[in-house]
Amino acid sequence: MKDSPHLKDQIKRSKEKTIHVMQLSSDESMQYAQAKYRELVGKIESLRTQIATLEMDLRSIDEALRKLEKIKNDTEVYERAGHVFIKRNKEELVEDLKSRKELTETLLERYKKEESETRKELKQLLESLGLV
């Protein structure tokens, strides 16, 4: 039994629709991949900035602690608070700085871990696109 011209035409239109849907899907996938790539790169850049800031804060805290270790306990110590300096007890100031240092180190490790995970996710995205 021969296929009718009408049936052949329907099959042809169906194949064309399928190809069109596949192209849309492919285009949408590429748009998603591009958006995801921009998001991940932006996140890595933001994390790198935050990590650099925390590392700078950590160096500053360490320097302050080193200087405080060198002075006598009865030496007057001042802490900067905006545009003014406030007299502080040396031991309390050292404890505050140690506490800030611990918090900064914790945040630094968290951001470094998040950056590493984001880099892995970016690598997986690039591999899935055949770019790595």
Hey, Lys36 part of a helix (DSSP H, G or I), of a type in the set (Lys, Arg) and either modelled with pLDDT of 95 or more or in contact with a His (Cβ under 6 Å, 6 or more places away or on another chain) (or both) or not: no
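Would you confirm whether or not the stretch 89-97 contains a residue that is polar (S, T, N, Q) and modelled with pLDDT of 95 or more?
no
Do we find a residue being closer than 30 Å to Leu129 by Cβ, exposed (fewer than 12 other Cβ atoms within 10 Å of the Cβ) and at pLDDT 95 or above anywhere in the stretch 49-57?
Yes; the residues of the stretch 49-57 include at least one that is closer than 30 Å to Leu129 by Cβ, exposed (fewer than 12 other Cβ atoms within 10 Å of the Cβ) and at pLDDT 95 or above.
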Pairs, first assigned to a strand (DSSP E or B) in the stretch 65-77, second among the charged types (D, E, K, R) and surrounded by 11 or more Cβ atoms within 10 Å (Cβ to Cβ), C-beta under 7 Å, six or more apart: Val77/Arg88; Val77/Lys90
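The values are calculated or read from the model by the stated rules, or taken from the named source; none is laboratory data. Keep in mind it's a predicted model, so treat the numbers as computed, not measured. Positions of Cβ are generated from backbone atoms using ideal geometry, with glycine treated the same way; all protein chains shown enter the neighbour counts.
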